[in-house]
Structure formats: structure tokens, C-alpha cells
Amino acid sequence: MPEQAGQDVAGAADDAGGRKEHIAFLGLGHMGGPMAVNLAKAGYTVAGYDVVPAALEAARAHGVPTVGSAADAVAGADVVLTMFPSGRHVLDAYQGRDGQPGLLAAAAPDTMFLDCSTINVDEARDAAQLAREAGHRAVDAPVSGGVVGAEAGTLTFMVGALPEDFETVRPILDVMGKRVVHCGDHGAGQAAKVCNNLILGASMIAVSEAFVLGEKLGLTHQALFDVASAASGQCWALTTNCPVPGPVPTSPANRDYQPGFAGALMAKDLKLALNAIQSTGVAARIGPLASEIYDAFAAEGGAGRDFSGIITDIRDKSGK
Ligand code: NAD
């Protein structure tokens, strides 16, 4: 059973810099769960909440104090941290739906709304504007590093914030990550995330096509790797997440493409990049194509596989 308001919330922690913030942590899923654990371990007063009881239970079992509703979590919070699946979830939660008051209305004035979800740039800007109009502060801080990084506290945070708000959230992000980059004003964190993942998705497709072409031309994987990894074809998709087994023993290709970074998440992030391309009018051709390719990959069984598994699709469609 979810706990009631005020129950099981850890006592306030003080450090040399003074009282640590009280954090309402909403969205205790694959990423949010372990992130909340790290904040609680670091001595922050955390009130965790998720609409799914199993997520709430799991977080509580790992030491995250939980409460029975979003309103209970937000009561008395200095920071409202959200880690939701999409921008629609964030905007609905901020504004409320079906006649229910939202988080912005429930929070005390000048609360920090810190959204770590990966959402559209325009949605992040809308969320920040709504928060500011309601008398609050807002930061977008999407992450990279996956569940492994969330558990280890080694995420990278890409932050869109006013300079003074960045300073406020930085110590909190430092607990959950090893790298925190201030990318600019509201929405800049999401902008950096979609631009990076556009490079990643497109480069993984290019590396995979090159390996399949090499196979057709009689090149060994190792020979192509030895050349390209030390030449101008060098990139993360090749040297860290190599889509063929062998050259990089730690890459998902060596464990039948278990993620890693799942195809469904790449498809999602490329859709966000596509939305940004369309809303800005950039004459991009590779980005939309990469989005289409990963949509098909996810729909045809790749959703739960590492995104480097795209190479098997390319190989399968290349004939004998
Ligand atoms: P998830 O689906 O596991 O977790 C999201 C959680 O939010 C769920 O437990 C859901 O019940 C909860 N939720 C939704 N609406 C809510 C509400 N109104 N109040 C309280 N809880 C609510 O997703 P995840 O894998 O943890 O990813 C979270 C975000 O992080 C996504 O935006 C994703 O794109 C991004 N991300 C994920 C990864 C990854 O490897 N999983 C990596 C980088 C970024």
C-alpha cells in the first residue's frame, strides 16, 4: 500500500552548506527509481511518488521514502523533480487534468520545477513558461547514461536553465551524475539531447551499413575496425558500441544485442529530433530518414534490443 502524507519521509539532512532541499520525486520508473535512491542515500529529504503501485513499492524497498499522492509529495517540497515517459505526462502533471489540480497549483511559491524526462524542446519551453507564470522556477535537465548510469550515479545531465537556477540544481544533479553541462536557457538541455542523439542514431546506421558492405566486399570485421577506428570513420558507434561482435568485447553485439540503449528509446529520441527539425525548418535529410529506420526497427521486434541491432536488419535485407 502506498503510504499516507507525511509518513516515512526521511528527516532533513544538514551539511556544511546548510539545509539540503526537500525533493518531491515523481516518476520512479527504470531511471527515476535509482536516481531517487541516490538522492535519499546522499541525505536529501525525498518524498517519492509514482502512479504505478509496483514502482512505488520497488523504490521504497530500495530506501526511497514514499507518499500516497502527488499532492502529498509536493507539500513542503523545495524541488519538484519529474522523470516521466513523455512531454504530455509532464505538461498534464504540471497543469492537472480531469478537473484535478496540477503540481504547479499544489506547490508553494518559488518552488524549483526540475524536469529530467526526455521531451520535445517546445514542450520543455512550454513547461518552463507555465511554471514561471505560476510563480515558480524551472529547469530542464534530460540525461544520458541509461539505467546503469542512473544506478551508479554517473549520468550526464544536459541543462537548460537561467544561470541562478542552474546553481541551485547543480548540487542535486551532481549526486545523480558525473557530468553536468549548462547548455543555455529553458529548453537548451532538451535541444542538446536531441542533437546528440541525432548524431548517434545516424552514425550507428552508417557504421552498420559500412560493416555489411565490408562483409559483401570480403573485408573482415577486425580489418575494417582497425582501419576506421584509427581513421576519419572513428566515432562512439564504432569504438564503444560496435555493432559486430569481436572488436569491442563489451559492446551489446557480443551478448546478442541485449541493451544497452534500447531501440524503442532511440526511436523515441529520433522522433523528438524530427519534431525539432520540422518546427525549425532545418533542411535535414539524414535525421528524418534515421527516424523512419528506427521506427521500423522498433516496430519489427527491435524495441527491446540494443539499437546497434539495426545491423541485423540491414544484413537481412541485403540478400545473399
Ligand atoms: P519508465 O516508463 O520506466 O518510468 C516513468 C515512470 O513515470 C513510470 O513508472 C510511470 O508510472 C511514471 N509516471 C507517469 N506519469 C506519472 C505521474 N503523473 N505521476 C507520477 N508518476 C508518473 O521510463 P524510464 O525508462 O525511467 O525513462 C524516464 C525518462 O527518461 C523518459 O523520458 C526517457 O526517455 C528518459 N531516458 C531513459 C533512459 C533509459 O535508458 N531508460 C535513458 C535516458 C533517458
Taking only the alpha carbons of the stretch 169-320, the radius of gyration and the largest Cα-Cα distance, Dmax, both in angstrom, are 16.6, 55
Check: C-alpha center the stretch 94-142 vs C-alpha center the stretch 258-320, spacing in Å is 30 Å
Contact order relative to length for the stretch 70-186, counting C-alpha pairs under 8 Å separated by 6 or more residues, stands in percent at 21 percent
With 0.36 nm assigned to each residue of separation and the Cα-Cα distance removed, Arg170 to Glu300 gains 42.8 nm
Taking every C-alpha to C-alpha distance in the chain and binning by 10 Å from 0, the per-bin percentages run 6, 25, 31, 21, 12, 4, 1
So, relative contact order of the stretch 181-261 in percent, Cα under 8 Å, 6 or more apart, is 19 percent
For Ile199 and Thr220, extending 7 Å from Cα along the Cα-Cβ vector and measuring point to point gives, in nm, a value of 3.2 nm
Per 10 angstrom bin, beginning at 0 and ending with the bin that holds the maximum distance, the Cα pairs of the stretch 18-172 fall in percents of 12, 46, 37, 5
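I need Val51, Val244 ordered by Cβ neighbour count within 10 Å, fewest first.
Fewest to most other Cβ atoms nearby, the residues stand as Val51, Val244.
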For the stretch 225-266, the Cα gyration tensor yields equivalent-ellipsoid semi-axes (√(5λ), largest first, whole Å) of 20, 12, 6
Ranked by GNM mean-square fluctuation in the chain (Cα springs under 10 Å), the top entry among Asp269, Asp226, Asp115 is Asp226
On each of the three principal axes the extent of the alpha-carbon atoms of the stretch 174-225, given in whole Å and largest first, is 49, 22, 12
Of all DSSP beta bridges with both partners in the stretch 82-186, the antiparallel percent, nearest 5, is 20 percent
Within the set Phe225, Phe261, Phe307, GNM on the chain using Cα springs under 10 Å gives the largest fluctuation to Phe225
Simple spin-label estimate for Arg60/Gln100, 7 Å along Cα→Cβ, in nm, reads 1.8 nm
Out of Gly246, Gly96, Gly281, a Gaussian network model of the chain with alpha-carbon springs under 10 Å gives the largest mean-square fluctuation to Gly281
Mean separation of Cα contacts under 8 Å (at least 6 apart) over the residue count of the chain, i.e. the relative contact order in percent, is 12 percent
Tilt, helix 286-297 to longest principal axis of the chain (alpha-carbon atoms), in degrees rounded to tens, equals 90 degrees
Rounded to the nearest 5, the percent of DSSP beta bridges in the chain running antiparallel is 20 percent
A correct Kirkwood calculation over the Cα atoms of the stretch 137-215 returns a hydrodynamic radius in Å of 13.7 Å
Simple SL model, points at 7 angstrom along Cα→Cβ for Ala152 and Gln129; separation in nm is 4.0 nm
Per the helix-only model, the chain has a calculated mean residue ellipticity at 222 nm (DSSP H runs of ≥4, -39500 (n - 2.57) each, divided over all residues, rounded to the nearest 500) of -14000 deg cm²/dmol
The stretch 269-320: Kirkwood hydrodynamic radius (Cα pairs, Å) comes out at 12.0 Å
Across the alpha-carbon set of the stretch 120-176, Rg over Rh with Rh taken as the Kirkwood radius works out to 1.02
With 0.36 nm assigned to each residue of separation and the Cα-Cα distance removed, Ser232 to Val282 gains 15.4 nm
For the stretch 226-307, the percent of all C-alpha pairs falling in each 10 Å bin, from 0 up to the bin holding the max distance, is 19, 37, 34, 10, 0
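No value in this document is a laboratory result; all are computed from the given coordinates. Computed from a predicted model, the values in this text were never measured in an experiment. Please note: Cβ atoms are built from the backbone with ideal geometry, for glycine as well, and neighbour counts cover all protein chains shown.
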